[in-house]
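The values are calculated or read from the model by the stated rules, or taken from the named source; none is laboratory data. Fair warning: this is a prediction, and the values are worked out from it, not measured in the lab. Cβ placement follows ideal geometry from the backbone for every residue including glycine, while neighbour counts extend to all protein chains displayed.
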Amino acid sequence: MSTPPLPLDNLDNRYQPLAARLRPLSLGEFVGQDHLLRPGKSIHEAIQKKQPHSMILWGPPGVGKTTLAKILATACDYHFESLSAVLDGVKEIRATIERARFHQTSGSKQTILFVDEVHRFNKAQQDAFLPHIENGTVLFIGATTENPSFELNNALLSRARVYLLKALTVADLEGVIDSALKDKERGLGNLNLSLSPTQKKILARAGDGDARRALNYLEVLSDMSDLENGQRRISDSHIQQVLEEGSRRFDKGGDSFYEQISALHKAIRGSAPDAALYWLARMLDGGCDPNYLARRLVRIASEDIGIADPRALPLALSCWDSFNRLGSPEGDLALAQATVYLASAPKSNAVYEAFKAAKQAVMQHGSLEVPLHLRNASTSLSKELGYGQDYRYAHDEENSFAAGENYFPPDLAGEQFYFPRNSGLEIRIKEKLESYRSLDKKAKNKRY
């Protein structure tokens, strides 16, 4: 049996970016993820005992998902195969499985199959891996930036442990930068490049938890550095220029997107205008569609403020209109204005809850008929049938309120969905409705 051909990406390694050259080769070089890799934890024990297991590595970009899979394969003496759900199709998957089967039948090594961006494979493609996992052809390691519970098949999840990898801290990234500056074999040590502590911290913060991003910035800056007295230095202006061309981590359709919009909504609901402004700025900075944000602000005005401040909804709509007239960046200020107003306004979800309760009553009771006295007697026939009979015109009653009148179908008479909160205008609304209910009660007592 001949060995299947190796993938093309193994044929030419003459040039590699700094981030690729500095990829950790052992657990001792790995930065971060102490919650998974310290002694006693599952992955650490799997490496120590050379007994790896199938797993899903879930976390943001640049935290070491691919690196960890390669370290596992090396430490446990497994053959390593890699697929990308973005780049590879059926042909590449089949060829990879064939190579794994060759290694299995020849008795040389077991294979770890690493699938990057596994969530981008559809359900059928994910299912295609199952028999090869079951029969031991491959030990499966998937990497994803998305929540596996939503994006991966239950069958695949049941055969793999899920590990959450965290974004690297600023201190972690400063250590990565230091290693790159000192390493003469794989890093920039031969350049005699110098960064001040402040510059290092700025670069680490700009990395935004992503080692790859921080090293990419550093590599670009190394090319821009100036030679002064035998030492290369990076100017603050160069750092500013490079960082302005980058952007914060933000996935318009992924977990990061939903996490940030959730944080914005909850900050406004929690009456925290400063935090709300921060999340608004984060999302705009990351490239979120401003119209989506404006639409969400209108929803918040109705859901979380409601009648406690009736001005909130028209103000949110007005700010949305202002943004569309001005465009970005001038119109961004209108979104900021709406955000601060909504966060500072009195809060009530009473209308939101009342509408949910009313919809539930409709589902529960079905199509109850409209009481005769509430029907419009628009024809002689409808009058003969009693439509509108005994209806009391509220404006003819004292205080324009027909005490004791029922506007529900009989089966729901006396039902209450709307419970005003002690917040903003709803304080007065609550007082008024309570007085009406008191009048209703007195009228019914007189009737009986």
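Can you say whether residue 112 is more than 27 Å from the chain's Cα centre (by Cα) and closer than 18 Å to residue 67 by Cβ, as far as the supplied structure shows? Yes.
When residue 112 is tested against (1) surrounded by fewer than 17 Cβ atoms within 10 Å (Cβ to Cβ); (2) touching a Cys at 6+ places or on another chain (Cβ under 9 Å), only condition (1) is not met.
Of the helices (runs of 4 or more DSSP H) that lie entirely inside segment 42-126, those containing 2 or more residues that are in contact with a strand residue (DSSP E or B) (Cβ under 8 Å, 6 or more places away or on another chain) and of a type in the set (D, E, K, R) span 65-75, 90-106.
Does residue 418 count as assigned to a loop (DSSP other than H, G, I, E, B) and over 49 Å from the mean Cα position of the chain (by Cα)? No; evaluated as a whole, the condition is false for this residue.
If the condition is being modelled with pLDDT under 90 and polar (S, T, N, Q), then segment 161-195 contributes 190, 192, 194.
The residues listed here are 215, 188; of these, the one that is more than 20 Å from residue 61 (Cα to Cα) and touching a residue at least 40 places away in the same chain (Cβ under 8 Å) is 188. The numbered conditions (1) in a loop (DSSP other than H, G, I, E, B); (2) of a type in the set (D, E, K, R); (3) farther than 29 Å from residue 363 by Cα are all true for residue 428 except (1).
Filtered by the rule that a residue be polar (S, T, N, Q) and modelled with pLDDT of 80 or more, segment 232-253 gives 235, 237, 240.
Only residues that are modelled with pLDDT of 85 or more and among the hydrophobic types (A, V, I, L, M, F, W, C): list them for segment 107-140, please. Result: 112, 113, 114, 115, 118, 129, 130, 133, 138, 139, 140.
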